[in-house]
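Since the structure comes first, as structure tokens, the remarks are kept for the end.
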Amino acid sequence: MESRILVVLPHPDDEAFGVSGSLAKYIRDGAQVTYACLTLGEMGRNMGIPPFATRVTLPAVRKEELEASCRAIGIQDLRLLGFHDKTIEFEDQDKLDGSIMELVNELNPSLIITFYPGYSVHPDHDATGEAVVRTIGRMPADRRPPVHCLAFSKNHEETIGKPDVIIDVKEFLLKKMGSIQAHRSQFQAAELLGNKKMPDKDIQDRFGTERFWTYRFE
Amino acid sequence: MQLIDKSKVKEMIDLLIDQDLYIHLEMTMGAYASHVDSSKHPAATFISNAVIRYTHGSISGNGPFRVGLKTSQGWIYSEGLTHYEDEDVERLIMAGHDSQGKLIVALQLSREPF
Ligand SMILES: [Zn+2]
């Protein structure tokens with residue numbers, strides 16, 4: 001059982017589809033979760049239909065959505081690290097790694113969850129995963145917490161193989177849907193459900209399992 | 001955000017003439033463009049809080065709209081604008097959203113940094 005989990009992701013909503021169910025499950029089993037969200041997703045393109053946010057108001061809107069998502073999941077501790085959307089790969093690495101190391105030192109997590117570097121499509125995702133892996137890789141091998149990575153780039157399984165951590169979250173779909181729906185500027189119900197109205201069975205198949213790859217440090 | 005009212009935007013453009021302004025200018029296809037459709041060439045660009053000053057400017061088209069601002073040495077140009085922030089009287093906040101509501105282009109001018 002995990003007691004202390006540190007989640008490191010760059011954008012509000014990154015938690016919604018890939019990890020929210022697992023986090024709800026860990027929390028039900030007694031875990032304390034800290035979610036370090038690097039940016040406010042201030043460069044996001046979705047602002048609602050019709051748009052209810054602007055480039056100027058989007059950061060505040062997304063911060064509130066993120067807080068609502070955390071409440072839906074049950075996350076106890078949200079940290080906003082204050083980096084700027086789209087810039088993680090260009091950020092000063094010492095500053096980036098330093099802020100992650102600081103959290104690791106403070107929390108002493110038994111598990112870290114982030115994106116798989118190189119297999120997570122968005123440059124911010126890859127750069128966040130890289131920073132986590134770089135930071136944890138510097139720790140002595142016997143003190144490193146396991147790092148579970150999300151991956152979703154095309155054909156990622158050809159190189160990194162099958163996920164080794166598969167979590168059934170069907171019991172936690174209400175919380176997961178709550179997290180997804182909290183990000184109302186980002187996800188429209190129509191987009192979420194596709195063109196057809198999706199029966200419960202389909203939602204369960206589509207959202208009921210979350211997959212992670214344990215990062216292998218050389 | 002409201003659909004652009006050309007005359008209101010023109011008033012605002014005129015109000016901001018001949019002064020130092022912070023500009024946010026952006027165009028993006030979205031970070032997932034080539035993930036969703038590999039034939040798409042992903043492109044995005046933005047400049048945030050650069051200081052500019054224009055001597056003359058206007059809005060044209062029937063929607064989506066174009067805005068051109070003439071500076072002492074050059075131009076600022078943006079096409080595809082559909083929405084503006086009608087409640088903002090100090091700043092000019094404009095954006096172009098596609099049929100799915102996603103932001104494609106943004107042009108913002110303010111006397112204070114964004
Ligand atoms: Zn993201």
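The values are calculated or read from the model by the stated rules, or taken from the named source; none is laboratory data. On a predicted model such as this, the values are computed, not experimentally measured, just so you know. As a convention, Cβ positions derive from the backbone with ideal geometry for all residues, glycine included, and neighbour counts pool all protein chains shown. Ligands, DNA and RNA are excluded from the accessible area calculation, which covers all protein heavy atoms including side chains. Shrake-Rupley method; radii C 1.70, N 1.55, O 1.52, S 1.80 Å.
Can you name the number of the only condition in (1) out of contact with any Pro (no Cβ under 9 Å at 6 or more places or on another chain); (2) not in a loop (DSSP other than H, G, I, E, B) that A:SER69 fails?
Of everything listed in (1) out of contact with any Pro (no Cβ under 9 Å at 6 or more places or on another chain); (2) not in a loop (DSSP other than H, G, I, E, B), A:SER69 misses just condition (1).
Go through segment B:83-114 and report how many residues are at the interface with chain A (Cβ under 9 Å from one of its Cβ atoms) and either touching an Asp or Glu at 6+ places or on another chain (Cβ under 7 Å) or polar (S, T, N, Q) (or both).
Here the count works out to 6.
With respect to the numbered conditions (1) of a type outside the set (Gly, Ala, Ser); (2) in a strand (DSSP E or B); (3) over 19 Å from A:LYS86 (Cβ atoms), which one is the sole condition not fulfilled by B:ILE23?
(3)
Counting only residues that are away from every other protein chain (no Cβ under 13 Å) and touching a helix residue (DSSP H, G or I) at 6+ places or on another chain (Cβ under 9 Å), which one in segment B:64-82 is nearest to B:MET1 (Cα to Cα)?
Looking at residues that are away from every other protein chain (no Cβ under 13 Å) and touching a helix residue (DSSP H, G or I) at 6+ places or on another chain (Cβ under 9 Å), I get B:PHE65.
Against the condition assigned to a strand (DSSP E or B) and surrounded by 14 or more Cβ atoms within 10 Å (Cβ to Cβ), how does B:ILE47 come out, does it pass?
Taking the combined requirement at face value, the residue does not satisfy it.
Among the residues of segment A:24-35, are any acidic (Asp, Glu) and open to solvent by 10 Å² or more (accessible area, probe 1.4 Å)?
yes
Is segment B:94-109 home to any residue that is part of a strand (DSSP E or B), over 20 Å from A:ASP85 (Cα atoms) and small (Gly, Ala, Ser)?
Checking segment B:94-109: not a single residue is part of a strand (DSSP E or B), over 20 Å from A:ASP85 (Cα atoms) and small (Gly, Ala, Ser).
Hey, can you tell me all the residues within segment A:96-117 that are under 18 Å from B:ALA31 (Cα atoms) and away from chain B (no Cβ under 14 Å)?
Passing the criteria: A:TYR116, A:PRO117.
Consider A:ALA53 carefully, then state whether it is part of a helix (DSSP H, G or I) and either away from the ligand (no atom under 16 Å from the Cβ) or within 14 Å of another protein chain (Cβ to nearest Cβ) (or both). Full working, then the answer.
On the way: part of a helix (DSSP H, G or I): no; either away from the ligand (no atom under 16 Å from the Cβ) or within 14 Å of another protein chain (Cβ to nearest Cβ) (or both): yes.
So A:ALA53 does not fit the description; no.
Select, from A:LEU9, A:LEU78, the only residue that is within 12 Å of the ligand (Cβ to nearest atom), away from chain B (no Cβ under 14 Å) and farther than 30 Å from B:THR82 by Cα.
Details: A:LEU78 fails: within 12 Å of the ligand (Cβ to nearest atom).
It is A:LEU9.
Kindly indicate the residue of segment B:28-55 that is more than 14 Å from chain A (Cβ to nearest Cβ) and in contact with a helix residue (DSSP H, G or I) (Cβ under 9 Å, 6 or more places away or on another chain) and also farthest from B:SER99 (Cα to Cα) among those meeting that condition.
For segment B:28-55, the residue satisfying everything is B:TYR54.
Just one of B:THR45, B:THR82, B:THR28 is within 16 Å of the ligand (Cβ to nearest atom), β-branched (Val, Ile, Thr) and within 13 Å of the chain's Cα centre (by Cα); which is it?
Working: B:THR45 fails: within 16 Å of the ligand (Cβ to nearest atom); B:THR82 fails: within 16 Å of the ligand (Cβ to nearest atom).
On inspection, the qualifying residue turns out to be B:THR28.
Could you please find all residues in segment A:199-218 being among the β-branched types (Val, Ile, Thr) and outside any strand (DSSP E or B)?
A:ILE203
Quick check on segment A:18-39: of everything there that is within 15 Å of A:HIS183 (Cβ to Cβ) and either within 13 Å of chain B (Cβ to nearest Cβ) or among the polar types (S, T, N, Q) (or both), which residue is nearest to the chain's Cα centre (by Cα)?
A:SER20
Any idea which of (1) buried (at least 24 other Cβ atoms within 10 Å of the Cβ); (2) within 14 Å of chain B (Cβ to nearest Cβ) is the one A:GLU42 doesn't satisfy?
Only one criterion in (1) buried (at least 24 other Cβ atoms within 10 Å of the Cβ); (2) within 14 Å of chain B (Cβ to nearest Cβ) is unmet by A:GLU42, namely (1).
Take the residues in segment A:62-75 that are closer than 28 Å to B:HIS97 by Cα and away from the ligand (no atom under 16 Å from the Cβ); name whichever of them is farthest from the chain's Cα centre (by Cα).
Taking the candidates together, the pick is A:GLU64.
Inspect segment B:11-19 for any residue being more than 16 Å from the ligand (Cβ to nearest atom), within 11 Å of chain A (Cβ to nearest Cβ), at pLDDT 95 or above and loosely packed, with under 13 Cβ neighbours inside 10 Å and give the result as yes or no.
Narrowing segment B:11-19 to residues more than 16 Å from the ligand (Cβ to nearest atom): B:11-19.
Next, only the ones that are within 11 Å of chain A (Cβ to nearest Cβ) stay: none.
Checked against the condition, which is being more than 16 Å from the ligand (Cβ to nearest atom), within 11 Å of chain A (Cβ to nearest Cβ), at pLDDT 95 or above and loosely packed, with under 13 Cβ neighbours inside 10 Å, segment B:11-19 yields no hits at all.
Which residue, of B:GLY30, B:GLY61, is on the phi > 0 side of the Ramachandran plot and free of Cβ contacts under 8 Å to residues at least 40 places away in the same chain?
Values: B:GLY30 fails: free of Cβ contacts under 8 Å to residues at least 40 places away in the same chain.
Exactly one of B:GLY30, B:GLY61 is on the phi > 0 side of the Ramachandran plot and free of Cβ contacts under 8 Å to residues at least 40 places away in the same chain, namely B:GLY61.
If you check every pair at least six apart or on different chains, which have Cβ atoms under 7 Å apart with a residue in segment A:95-124 that is among the polar types (S, T, N, Q) first and a residue that is within 16 Å of the ligand (Cβ to nearest atom) and open to solvent by 40 Å² or more (accessible area, probe 1.4 Å) second?
Hits for this filter: A:SER99/A:LEU81; A:SER120/A:PHE152.
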